[in-house]
Amino acid sequence: MATACTQGIGTGFIDLGTAKVAVLGAIQGITDVLPISSAAHMRIVPAVLGWADPGATFAAALQLATAVAIVAHYRRDVWRIGAGAFEAGRSGDYRTFEFRTGVGILLASLPLIVGRIAFGRRVDLCATPTLELWVLGAAGVAVAATLAIAVLVRRHERGFEEIRLRDAVALGLAQAFAVIPGVSRSGAALTGALLMNLKPVEAVRYGLLAGLPATVFIGLEGSAGLRRAGLDAQAWGVLGIGFLAATLAAWLAIRLLIMVMERFSAWPFVAYRAVVGGFLLLVVWLDVLA
């Protein structure tokens, strides 16, 4: 499937039109929140439907929509941590939970941000080899296995208020693997949070909040890439439709993720990732999809 390129940036979404971009925006929003890899789905779904590849930079830019949905859903936490950290900095009392958690969230996102600075442009370039199906398939199977281990080996008893700076460092190392397409930032964060023995719903909460700075950074980076590609007003309008669809879908996906984790823990996502990852590896092995 060919990718429309402008200065090395994939811009295939422009020719898809608003309806198809809205569909892909919704898929991006859902799969960016659920631990099932937005990169894999944005590669597979257009290919299955016979649509042009929208481009990895399109998906990156729409991560700003995910950030908006996270802030909207966890607005009380965002306000409490942000205002509390600011007050702690003003008063010099750095022992507060809000300050430590705010610093921890920044630390947890730092490795992924550094990884994006180092490798992000290569991932977003047209026809990048990192988006080959075998890479996405192998990453899917690997994350499914790791997520299953995280569910099995821990009792998941800790709450959000018990999070420490060392947890943020560990989660940051886990999120760094998300620079590999198919791993999924939300998948890496959820796996890391469960390995910290957090309760399933608290793992979702901390995983999304701890990835918020990185999500904003990737979204801004993607938007800057599209700006360098010289998009006209019509193209930005098409992107805006995708952004709105992605925001609503991501907000609904957060609610779905919490509900699933409350009832079944991460097992549905383990099964889904194993099946999709295995299918992609089988497709590559049989060489049945160009």
Would you mind computing, in nm to one decimal, how far apart the modelled labels at residue 118 and residue 79 are, each placed 7 Å from Cα along Cα→Cβ? 3.9 nm
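Which value at 222 nm does the chain reach when only helices count, each DSSP H run of 4 or more adding -39,500 (n - 2.57), with the total divided by all residues and rounded to the nearest 500 deg cm²/dmol? Each step should come with its number before you reach the end.
Numbers: 13 runs with 214 residues, N = 290.
Calculated at 222 nm, the ellipticity per residue is -24500 deg cm²/dmol.
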Contour minus Cα-Cα distance for residue 72 and residue 132 (0.36 nm per residue): 18.2 nm
Intensity falloff of the stretch 5-286 expressed as log10 I(q)/I(0), Debye formula with alpha-carbon point scatterers, at q = 0.10, 0.11 Å⁻¹: -0.49, -0.60
How much length is gained if the chain between residue 152 and residue 86 is pulled fully straight, taking 0.36 nm per residue apart and subtracting their Cα-Cα distance, in nm to one decimal? 19.9 nm
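Of the peptides 153-162, 78-87, how do they stack up when ordered by the mean number of other Cβ atoms within 10 Å, highest first? Display every interim value, and only then the final one.
Values: 153-162: 13.0, 78-87: 15.4.
Averaged packing, sorted descending, gives the order 78-87, 153-162.
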Over the Cα atoms of the stretch 124-267, what Rg and Dmax result, in angstrom? 17.0, 53
At q = 0.16, 0.23, 0.24, 0.29 Å⁻¹, what is the log10 ratio I(q)/I(0) for the stretch 51-94, with the Debye formula run over Cα points and no solvent? -0.60, -0.78, -0.81, -0.92
Filtering the chain for DSSP H helices with an axial alpha carbon extent of at least 18 Å and a Kyte-Doolittle mean of at least 0.0 returns 18-33, 97-124, 133-153, 212-228, 233-264, 267-286
Where labels lie 7 Å past Cα in the beta-carbon direction, separation of residue 47 and residue 259 in nm: 3.1 nm
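We did not get these values from a lab; they are worked out from the coordinates using the rules stated. This is a predicted model, so every value here is computed, not measured. Backbone-built Cβ (ideal geometry, glycine too); neighbour counts: all protein chains shown.
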